[in-house]
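Below is one structure, written out as structure tokens; comments come after it.
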Amino acid sequence: QVQLVESGGGLVQPGGSLRLSCAASGSIFSINVMGWYRQAPGTLRELVATIASRGSTNYADSVKGRFTISRDNAKNTVYLQMNSLTPEDTAVYYCNADLTDRNLLRRRSYWGQGTQVNVSS
């Protein structure tokens, strides 16, 4: 069984920063791409950033230059450093991992439970 557990959300003022973390645990054989998505009320879930196992990254245009994704492969953990936050960044942020489990050697996508980020004065 595989679990993704996020942490680091909360309330921050516009212009502030937050750092999200997501740790994958359980019967993991390998992790390919890890990423962050977000969903604001009344909208579809959207890509924020992804990072491949060797470190190549991809960002949504709306967060380029403000957010940085990174990962620690030894800890099966992905991070999202968010700077210069605006109210438009308010959303539930979900961690995603494309991984192969150790038991069945089956590759599939896993999601965390989500962490709320509120940007407000």
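The values are calculated or read from the model by the stated rules, or taken from the named source; none is laboratory data. Treat the numbers as computed from the prediction; the structure is a model and nothing was measured. Ligands, DNA and RNA are stripped out before the accessible areas are found, and what is left, the full protein with its side chains, is counted by its heavy atoms. Shrake-Rupley method; radii C 1.70, N 1.55, O 1.52, S 1.80 Å.
Based only on the alpha carbon positions, what is the Kirkwood hydrodynamic radius of the chain, in angstrom?
Every distinct Cα pair counted, the radius reaches 14.4 Å.
Sequence-distant or interchain residues sharing an amide H contact under 5 Å with residue 16, placed H: which?
85
In square angstrom, what is the accessible area per residue of the chain with a 1.4 angstrom probe?
Value for the chain: 53 Å² per residue.
Can you send over the carbon and sulfur percentage of the accessible area for the chain, probe radius 1.4 Å, protein chains only?
47 percent
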